[in-house]
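Student: Right, I'll just put the structure down here and ask away after.
The values are calculated or read from the model by the stated rules, or taken from the named source; none is laboratory data. All values derive from a computational prediction rather than experimental measurement. Here the Cβ positions follow ideal geometry from the backbone for every residue, glycine too, while neighbour counts run over all protein chains shown. With ligands, DNA and RNA removed, areas are computed over all heavy atoms of the protein, side chains included. Shrake-Rupley method; radii C 1.70, N 1.55, O 1.52, S 1.80 Å.
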Amino acid sequence: MWISLISYPESGMSGSHGNYTHSVNFSTRMSTNPITGADDMVLLTNCELQSRVKELAQQINFDYRDKGEIVVIGVLKGAFMFFSDLVKHLTIDIVVDFIQVESYEGTESTGNVELRHQPTVNIRGKHVLLVEDILDTGITLSNVFVFLSLHDPASVRVVVLLDKPARRQAQVKADYTGFKIENRFVYGYGLDYKQRFRHLSEVRTIK
Ligand code: IMP
Ligand code: MG
């Protein structure tokens, strides 16, 4: 069975990468979860992730080539793996920082976003690049935007690894997107199910 699940959306501010769809052959993606042994599926292999992360970094390097020092802020916990792979490919001048917010219980967003850790770098007058694992309802990112704008940055742009456009509630768009995916709960590569599976090197989903 072939299902069009993943597309590479237009991204970046200085030109489009096109908008082509990559179909996933589900029969070749069946896999057992290495922790639980249950049947699940690999949605994005580590190889697919690495090559797209590198493309995103190259676009960011180009767009920020003459912007001076950039503050790159990872949204914990989900973005930790994407963040560390992305920054390895950045050739611009950056300082790194983190923000931690929580809104999920199990597989559902509670809608209440709680700030658990704030960045320690002063972002006043700085260009900020937020690095987030997944854009779902958009409630988390819209709250993070409000919080950061209180500190008067010169600009805030967002790079997300995954986007589930079908779920959007808040008016928020990413400037750079790795993969648009269907409305499925995913885990691995930083993303959790009830805090588990973050350390898996690929993005998985329940069969
Ligand atoms: P939003 O506020 O609904 O956009 O959700 C954003 C946050 O919820 C993300 O930063 C993730 O941490 C988490 N999240 C959303 N969808 C998923 C998923 O499919 N798997 C794991 N975490 C998710
Ligand atoms: Mg997150």
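Student: What are the residues in region 55-84 that are of a type outside the set (S, T, N, Q), surrounded by fewer than 21 Cβ atoms within 10 Å (Cβ to Cβ), within 16 Å of residue 129 (Cβ to Cβ) and under 15 Å from the mean Cα position of the chain (by Cα), if any?
Tutor: Answer for region 55-84, where residues must be of a type outside the set (S, T, N, Q), surrounded by fewer than 21 Cβ atoms within 10 Å (Cβ to Cβ), within 16 Å of residue 129 (Cβ to Cβ) and under 15 Å from the mean Cα position of the chain (by Cα): 55, 57, 76, 80.
Student: Against the definition (open to solvent by less than 30 Å² (accessible area, probe 1.4 Å), of a type in the set (A, V, I, L, M, F, W, C) and touching a strand residue (DSSP E or B) at 6+ places or on another chain (Cβ under 6 Å)), how does residue 174 come out, yes or no?
Tutor: Taking the combined requirement at face value, the residue satisfies it.
Student: What pairs come out if I take residues in region 33-56 that are without any contact (Cβ under 8 Å) to a residue 60 or more places away in the chain and pair them with residues that are surrounded by fewer than 14 Cβ atoms within 10 Å (Cβ to Cβ) whose C-beta lies under 8 Å away, six or more apart or interchain?
Tutor: That search, which allows pairs on different chains as well, returns 38/32.
Student: Next question. Can you name the strands (runs of 3 or more DSSP E) wholly within region 49-166 that have at least 1 residues being of a type in the set (D, E, K, R), within 15 Å of ligand 2 (Cβ to nearest atom) and touching a helix residue (DSSP H, G or I) at 6+ places or on another chain (Cβ under 8 Å)?
Tutor: On the way: elements: 70-76, 94-105, 108-117, 127-135, 155-163.
Because the criterion is at least 1 residues that are of a type in the set (D, E, K, R), within 15 Å of ligand 2 (Cβ to nearest atom) and touching a helix residue (DSSP H, G or I) at 6+ places or on another chain (Cβ under 8 Å), the strands (runs of 3 or more DSSP E) in region 49-166 that meet it are 127-135.
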